[in-house]
Amino acid sequence: MRKQTYIQQAANWAKAHGFIDIMANADGYPTPGGYGRQQDGLSFIPDVTGKQFEQKSYFEVILKTSPVDELLSKLKLLSQLALLSGGELYLLAPKGHLPFAKSVAIQSRITANWVILA
């Protein structure tokens, strides 16, 4: 499946678990704001964001087809943003992509909640 399909599932998961003001990098939702890095001009857009109890959380779909270096940078950034806003970082991965996703999370040394997508 394409990443867009998984992003839709992530947005639906967030909505079902009580998150509001959901923004997603997918059709039918407002696009979340991006964050740029000055040193190399890379910009990162979270897959899904949502609020619960006025705390902003970030949701990232991880697929084993993602470029590792860029993914590591993005996860570190989203982890820091979640900490600053009092929210959480949720990493969502389909079953076949879970071992890759967990290895990337270990490499980036972040704390996150895991959700397995069907």
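The values are calculated or read from the model by the stated rules, or taken from the named source; none is laboratory data. Quick caveat, the model's predicted, so the values are computed rather than measured. In this analysis, Cβ positions are derived from the backbone assuming ideal geometry, glycine residues included, and neighbour counts consider all displayed protein chains.
Every test in (1) hydrophobic (A, V, I, L, M, F, W, C); (2) surrounded by fewer than 19 Cβ atoms within 10 Å (Cβ to Cβ); (3) outside any loop (DSSP other than H, G, I, E, B) is passed by residue 1 save one, and that test is (3). Please go through segment 30-53 and pick out each residue that is closer than 21 Å to residue 6 by Cβ, aliphatic (A, V, I, L, M) and in a loop (DSSP other than H, G, I, E, B). Selection gives 45 alone. Residues that are buried (at least 18 other Cβ atoms within 10 Å of the Cβ) and of a type outside the set (A, V, I, L, M) do occur in segment 69-76.
All of 60, 70 fail the test of being within 15 Å of residue 113 (Cβ to Cβ), of a type in the set (Asp, Glu) and either modelled with pLDDT of 90 or more or not in a loop (DSSP other than H, G, I, E, B) (or both), apart from 60. Scanning segment 30-42 turns up no residue that is small (Gly, Ala, Ser), in contact with a helix residue (DSSP H, G or I) (Cβ under 6 Å, 6 or more places away or on another chain) and free of Cβ contacts under 8 Å to residues at least 24 places away in the same chain. Within segment 33-46, does at least one residue satisfy the condition of being closer than 15 Å to residue 84 by Cα, of a type in the set (Ser, Thr, Tyr) and modelled with pLDDT of 90 or more? Looking through segment 33-46, none of the residues is closer than 15 Å to residue 84 by Cα, of a type in the set (Ser, Thr, Tyr) and modelled with pLDDT of 90 or more. The single condition from (1) over 25 Å from residue 38 (Cα atoms); (2) at pLDDT below 90 that residue 97 fails is (2). Within segment 36-57, the set of residues being surrounded by 14 or more Cβ atoms within 10 Å (Cβ to Cβ), of a type in the set (D, E, K, R) and either over 15 Å from residue 113 (Cβ atoms) or touching an Asp or Glu at 6+ places or on another chain (Cβ under 7 Å) (or both) comprises 47, 51. For segment 78-95: of the residues being out of contact with any helix residue (DSSP H, G or I) (no Cβ under 8 Å at 6 or more places or on another chain), of a type outside the set (Gly, Ala, Ser) and surrounded by fewer than 18 Cβ atoms within 10 Å (Cβ to Cβ), which is nearest to residue 108 (Cα to Cα)? Checking each candidate, the answer is 80. Against the list (1) loosely packed, with under 14 Cβ neighbours inside 10 Å; (2) assigned to a helix (DSSP H, G or I), the condition residue 27 fails is (2).
From the list 41, 50, 34, 86, exactly one residue is of a type in the set (Gly, Ala, Ser) and farther than 18 Å from residue 23 by Cα. Which is it? Show your work before the answer.
Numbers: 50 fails: farther than 18 Å from residue 23 by Cα; 34 fails: farther than 18 Å from residue 23 by Cα; 86 fails: farther than 18 Å from residue 23 by Cα.
So the residue among 41, 50, 34, 86 that is of a type in the set (Gly, Ala, Ser) and farther than 18 Å from residue 23 by Cα is 41.
Test of understanding: among 80, 39, 4, which residue is more than 13 Å from the chain's Cα centre (by Cα) and not charged (D, E, K, R)? Break it down into steps so the answer makes sense when it comes.
Details: 80 fails: more than 13 Å from the chain's Cα centre (by Cα); 4 fails: more than 13 Å from the chain's Cα centre (by Cα).
After ruling out the rest, the residue left standing is 39.
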